[in-house]
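A quick write-up on the structure given underneath.
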Amino acid sequence: MSTTATIVTALKFEGGAIIASDSQASDLYTRVRWDVEKLDQVKDLPLVLGFSGSMGQADRARKTLNEATWHQNMFRKVDLVRDAVIRCLAPVYEDIRLRNPRPEAPMWEISLHGLAACWAENQPHIIEFELNHDTSYHQYFHAVGSASGTAYAVWRTLGGRNLLGLDEAKAVLVTLRVLRTCVNVEMWGVNEHLSLWV
């Protein structure tokens, strides 16, 4: 069964990017909760990913990413980074598809949703690895997980696209404010501690 209720966010600021998450996995049907780390740096590379959806599949995806062969020259182009992550995730997505030939709900067809922050082409990037295995880039901010609606509302309230001009210290505070509000509003599914990478 898929677990849900997650918040993973990424925010660009002047000269960098932040990716952050809560630390609770929840099965809303059985009301079972447990602590998890949702963010992981791939080896010692400038690439951090977080996942929403099935925590078991997320663990498998992280293991696959860390066992893959990576080269620093991939980071000269963001598309090379994206393509390398897609290659790593392809078997995980295929396994999910094969295990769910007739999903009860469309979201369960691919029950792994990823968000990455990376440094490539001498600038920060936010890459979403969508439920249907597509990818997209985000210029300012993005959130995945069941608390993403709350995260977007707080981001807009705090300044939206104007936050791109913040320095690192203020961007960290904004990110923490977004996550803390999600924890307070979406209390059944997300919780502290909070993980944050700059």
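The values are calculated or read from the model by the stated rules, or taken from the named source; none is laboratory data. Just so it is clear, the structure is predicted and the values come from calculations on it, not from any experiment. Methodologically, a virtual Cβ is constructed for each residue, glycine included, from the backbone with ideal geometry; neighbour enumeration extends over all protein chains shown. Calculation scope for accessible area: heavy atoms of the full protein, side chains included, ligands and nucleic acids excluded. Shrake-Rupley method; radii C 1.70, N 1.55, O 1.52, S 1.80 Å.
Key figures for this structure:
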item	result
Long-range amide H partners of Gln24 with built H, under 5 Å	Val36, Asn191
Accessible area of segment 33-186 belonging to carbon and sulfur atoms, whole % at 1.4 Å probe	49
Cα centroid separation - segment 132-192 against segment 44-77, whole Å	21
Hz values of 3J(HN,Hα) by residue in segment 162-176 - Karplus curve (6.51, -1.76, 1.60), Gly and Pro given as x	5, 5, 4, x, 6, 7, 4, 4, 6, 5, 4, 4, 4, 4, 5
Thr69, Thr64, Thr9, ranked by accessible area, largest first (probe 1.4 Å)	Thr69, Thr64, Thr9
Distance in nm between pseudo-label sites at Leu176 and Leu196 (7 Å out along the Cβ direction from Cα)	0.5
Extension gain from Asn73 to Asn100, taking 0.36 nm per residue of separation minus the Cα-Cα distance	6.0 nm
Potential lengthening between Asn184 and Glu14 on full extension [0.36 nm per residue; Cα-Cα distance subtracted]	58.4 nm
Relative pair counts by distance (%), Cα atoms of segment 148-196, 10 Å bins	26, 54, 19, 1
Per-selection metrics, segment 66-186 (Cα): Rg and Dmax in Å	16.6, 47
Simple label model, 7 Å out from Cα along Cβ direction - Asp83 to Gln41, nm	2.7
